[in-house]
Each structure stands twice: as structure tokens, then as C-alpha cells.
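The numbers here are math on the coordinates, done by the rules we state, and not lab data. In this text, all values refer to a predicted model and were calculated from it rather than measured experimentally. In this analysis, Cβ positions are derived from the backbone assuming ideal geometry, glycine residues included, and neighbour counts consider all displayed protein chains.
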Amino acid sequence: MIKHGPIQQPFTFTHWSRKSYAVFNSLKAEVRIGVLALACIILTIPGKTLGIGSGSSHLVGVTNEDDDDGGMLSDAVLLDSISDHLDLKGVVVSAQRTPVLQSDLMRSVQVISSSDILRSPSPDIAGLLQSARGVDIRKRGGFGVQADVGIRGGTFDQTMVLLNGVNITDPQTGHHNLNIPVDIHSIERIEVLRGSAARLFGPNAFSGAVNIITKEPGSTGFTASLSGGQNGYGNLSISSGWSMGKTEHHLSLSGMTSDGYRHNTDFNTANAYYRGLFDLGGVRLDAQAGYHQKAFGANGFYSPRFPDQFEETTTGFVSLSLIPFKIENLSMNSYWRRHGDRFELFRHEAPEWYHHHNHHLTDVAGFASNYSIMNKFGQTSLGVDYRFEHIYSNVLGYPLSSGKAVTGYDDVDYTHSFERSGFSMFAEHTAFLGPFSISGGVLAYLNAELDKRFSLFPGIDIGWQFNQHWRWYSSMNRTLRLPTFTDLFYSGPTNLGNPDLQPERATSLETGIKGMYGILSVEVTAYRRWGRQMIDWVRYPSDELWLSMNHTIVNTSGVEAYLDMPLRTLPGNPMLSLQYMFTYIDKQSDEYVSNYALDHLRHKVDITINVDITRRLGGRLLVSWRDRAGAYLLYADGAFQQMQPFESYMLADVRIHYDIKRFRLFVDGTNLFNTHYTDIANLPQAGRWVVAGVMFKSLR
């Protein structure tokens, strides 16, 4: 059915009968054509004939034809222009177990869109995330070669990372969570869910989740990008999408290299990623596979006493998802992820007491299924999830009866291993009652190795659209995080792991309001998380041995604010975005000294300006100010000195681009002020870094 008002108003769809639009039918919501167009753009590369008039959702004709001066608008330019004039409220996101429009969300979710990625001066996922609301990115090395992601004051072990909805979080340590086999040119959008999400995604979505959505196979044509710059930096990526009969495919290859910004911070990375869609008669198969490899000098990355550290990691990933055409609301997927890690305390000349490097081989396998039922009371989703985790190591785990050879090393064996598994059952119901929406659910988690083998983690989300422009939302959820293999087993001269650790648990509450005030888009959120059985490395003041314990109580409070405003009176019609985050942690550790959880971002301000100076020339400026709580033991002159508080700092990054037919020329500059700053104890970050390149995109 199509209904419309006066001639000047956009058409609105309220009923969807074709199978390809079933997701919108399940939303039970009106979808304006302009909003539908953006939803399709976010899910796929934009078509060649779609256009949106400036300042409204009224449709106008825009085609990829030669312009007056002989140029041709690229898909990238179309994407920028369209997304600048459309509200993101029409994007379908995965913040619930049922699909939901972003305008109907009852949680705090940010979508990093294709346009954001195209305009970003960062060529890596960590760089894309560092300006997201509530997100704390702490980098080691240049361009996110090793980076940790935390959300709302949580540690790097408390964030879940998903690839197209598949959990790829690393159980060995959160340091490996961003080892993702996907180049940013293959990413369609990134969804950042802030707050506890165990009932949605299972254990370890403790403080939030990051879901990376890749481009739809068959929709992207051919894209290639080449760039180079200071410190021996080079980056090459190619990707292609094509269709063959009833199959659609996407393939990308990329590599990045640098000599490093100081001694022993050189790196090399490589990515290969494939995704295919197959029509197998009564079943739709979605298959993806990826491989990621990187090697990097780690000067002081994990201890300032050892500047000659080195690390190499490899990641392999495969997943298969099935959707029966006759049961469209049923989905099933299985996955396997293998991660190898070799850490060298001494890259070159090792002392006699150093006998071998640390070798780890981690395997994760799982199966999940979800079924949704529509009825007059709303939509109910039921699901199950099984996950198996295993590690071979010469450091982590319980001793093996006999060693297992490390591939490629004749004289090194894995001497330890450990495994665990967990089974989850989900139930969630979503109902829309006039201006009100409500979603409630529960996760039932079973793990035979825990003291409390069976646990329930309920949650409820509520939304109220109290007028045409403003929406209030609130949620309360319980969550848990399993200890990593490092928490359980890592032991050294100054550390002692604890195999008897139990999961962290927390209850979180958030409330917020979002909407439009004239031309302004506004969102403000406040939250509180009560954490118990928190895992921390602690020690007595008179002892030098750090112990891994379920001891610390950590209660976290915070406020996040966002403002988006078009500056139409200025040349180039710039778009201004302001973001502010405040986090306060009330930590109780009794007589112990804490090593983690206090050095969180206390204040974070991000100012982003997007501007299109001409049809061809545009750019983005990102200015950030960050103030980190806590202090660290300063290492200088070969010894640890006094406690050193983290200092606040300001950064500025910029991208300038110019489009010529199907090419985009760009210049990126990070840390333009050449600021000297530290995010991780005793580890200076890179100064000013300038890169230039060109991107080519074919038209379909």
C-alpha cells in the first residue's frame, strides 16, 4: 500500500509484500521513500540514479552523467551528498535481536556510515572508532597496528567485537580484538552499541559492542586505493564486487607498511577478505572468510624496560549463515576463528637467561540460531548460541602431558593448553504501543566450569516518542564477562594469574533523549553501571607481585552529549558535529593497590567539520581534546621513578579530497599540532604524520 499527503510531501510505504523487503515489514513502521533510500544506501553501495534534494526528503533526479566541465560524479561523491541531506533515523541497526529503525531505538547506538569512512583521515578501524561517542581507543604504534577499544570507562577486555553479527572477540586477550581481516574500503558501516549487551550478544558484551558490517556482495564494482607518506608509510588496497547467475561476491586485498615513527615501531600488515551470497534453491547462504597478518616492532609496548620487543599475529576466520526462504524469520550461522600470536621480548640479541619466545594458538568455534515470530502483541525472538574456546601455549593454560610442536619451529613446543565452552539461550519480545515501545528479554547462560554454572541476565528497554521530533529512551540490563586466558594464567617475575577467577558481573542503567530542534540534531545520555566481582591486577603496598583477583568493586557513571548542526550560511555548507563524554569511576579496592580500571578517559570532546567547498573539493577536520584520569609509574634513565599523572592533550586530524571523474585525490594529516602525548604508561604516541593518495572507483 502507498499513501501520500499533498503533492509536495514524500511518498510513504506502510506495507511490504515482496520478500526482499521483509525486514521493513517486520518493523511495522512507516518508511518514507527518502528514508528507505538511505537504508538501502547504508546496506549497499548507492544506485546510479538515486538523488535527494537539499534540505528535505523530496526526491529529485540525480544521475551519474558527465557534468558541465567534463567531470563525472563518482559513487563516493553521491554517497557524501546524499548522506549529508538525510537523517540517519531510517537506518536499520542490530541493537536488538529484532531489526529496528535507528529512530525507534531504545538504546544508545551510533552508526559510523559509509560517508564517514570515505571522509576519515584514518586508514584503519581503530582510527574510525576513536571519535565515536563513549569510545576510548588506546593505540600502540602507528595507524592502530596494536590498539585497544574500551567503551564507557570499560577496559579493553570488556568490549565485544562482531563482524556482520558474528562474535570474533579474542579469548586470549582484548589486545587482539581489533585484529580484523577487513580493509576499511570493504566496510559499509560500523554500529557502536554503548552499554551492557549480554542479553543481545552473549557473555563479554560487558560495557558495549562494536558490530562491523561489510558491503553487500555484488554491489560495489571495483575500487582501488594507493597512498604513501612520512616514515616510509605505504598502503595499497583493491576490492571488487560482482554477480554470477544466482550468486554475488565481494573480494578485497590490502596491505600497509611503515618504518615507524621511532626506533622499533616499524610494521607490516596484510588483509584478505571474501564474502559471497548464494541462492541454493530454498536456502540463502551467506559465506565469509578472511585472513589477517601483521608484524610490528613493539618498543616498550608492554613494558618500558624492554625496547626491543617484537610481535607477529595471524588471524583466520570463516563463517556460514543460512536463511531458509520459506522461513525468512529463521537464521542460523556457524563460525571458526584461529589466532596465532608470537611475542618476542628480545627481537635481536637476547640475553642468556631468555630461553624462548611466547607462542599462542587460539581457536574459537560456535553456532547460533535466531527465530522471530510476529503476532498481534509485537515480535518475539528466540535464540541459542554455543561457543567453544581453546588455546595451545607455552605460557598460558594447564601443563600438557606431552608437548605439541609449534609450526615452523623445530625446537619449540606448546607445553600448556586450556579449553572452555558456554551455551546461551535468548528470549526477547518487542512491542510498539502507540508512541511507546518496549523490549524485554533474558539471557540464560550455562557454563559447567564456573562456580555458578547457570545464570540469568535479564534486561528491559523502553522508548517514548512524545512528539514528532523528540524521543526518550531508557534501559536496564545485567551483564557478565568471562576472564581472558591471560587473566587466568599469565605468570611472570612480577605477575601471578588466577585459574579460579569467576566472571565479572554488572547491572547497568541508562536514560537519554534525542531529537531535532530546528536544524539541530541532539542526543544526551546519562548512565550508571554497578560492577562486582571485577577482575583486576592488584597488589599489597608492601609487595611487588601483582595478583589477578575477583576483588575490586567498580561503579561507573557518565554523560554523553551530541550535537549536529548544518552551517548553511557559510561557504561550502559545512556540517558541524560536537560530542562530549564525561566518565567517573568510583572504585573500592580496600587495602590493595589497583593496576587497571582507573586510567579511563575522564573527559573527551570531539569537534568534526565536514565541508564541500565545490562539487569536487571537500574535506573533514576533526579536533579532539582528551583528559585521562589516573597516573602511571614513570620510567626514565633505566629505572622507574615517581608517579606521573596523565596529561590532557589536543589533537587535530584532517582530510582534503578532490574528485576527478572516477578518481579521488586525497591528503591526510594526523596530529597536525605535533602534540606530544601519552595514552598508555611510558609510551609516547606518533607526532605529525602526513599521507597522500588516490582512490579509483568504477561505476556499475
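When you have a sec, figure out the Kirkwood radius of the range 21-697 from all distinct Cα pair distances and drop it here in Å to one decimal?
Details: mean 1/r = 0.0385 Å⁻¹.
When all Cα pairs of the range 21-697 are included, the Kirkwood radius is 25.9 Å.
Take each of the peptides 468-480, 230-242, average the number of other beta-carbon atoms within 10 Å over its residues, and list them starting from the highest.
Values: 468-480: 19.5, 230-242: 17.9.
The most tightly packed comes first, giving 468-480, 230-242.
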Gain upon complete extension [ALA270, VAL605; 0.36 nm per residue less C-alpha separation]: 117.3 nm
Once you put a point 7 Å from the Cα of PHE466 and another 7 Å from the Cα of PHE377, both along the Cβ direction, what distance in nm separates them? 2.9
Spin-label model distance (nm) - GLU647 vs LEU570, 7 Å beyond Cα toward Cβ: 3.0
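What is the packing order of peptides 687-694, 298-305, taking the mean over residues of other C-beta atoms within 10 Å and listing the highest first?
Numbers: 687-694: 17.2, 298-305: 19.4.
Per-residue mean Cβ counts within 10 Å order the peptides as 298-305, 687-694.
What ranking, highest mean first, results for peptides 425-434, 372-381 when packing means the other Cβ atoms within 10 Å averaged over each residue? Don't skip to the answer; put the middle values down first.
Details: 425-434: 17.1, 372-381: 14.5.
So the order, starting with the most tightly packed, is 425-434, 372-381.
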Roughly speaking, what is the centre-to-centre gap between the range 131-166 and the range 210-268 when only Cα atoms are used, to the nearest Å? 20
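Under 13 Å from the Cβ of THR269, count the other residues' Cβ atoms, weight Lys and Arg +1, Asp and Glu -1, and hand me the total. Please list the in-between numbers first.
On the way: positive: LYS294; negative: ASP124, ASP183, ASP266, GLU311, GLU312.
In short, -4.
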Give me the number: length gained by fully extending TYR354 to ASP259, i.e. 0.36 nm times residue separation minus the C-alpha to C-alpha distance, one decimal in nm. 31.5 nm
Debye, to nearest 20: dipole size of the range 128-215, +1 on Lys, Arg Cβ, -1 on Asp, Glu Cβ: 220
To the nearest 20 debye, what charge dipole does the range 637-700 have about its Cα centre, counting +1 at the Cβ of each Lys and Arg and -1 at the Cβ of each Asp and Glu? 780
Restricting to DSSP loop positions (anything but H, G, I, E, B) with no more than 13 other Cβ atoms inside 10 Å of their own Cβ, which trypsin sites (Lys or Arg not before Pro) remain in the range 203-287? LYS246
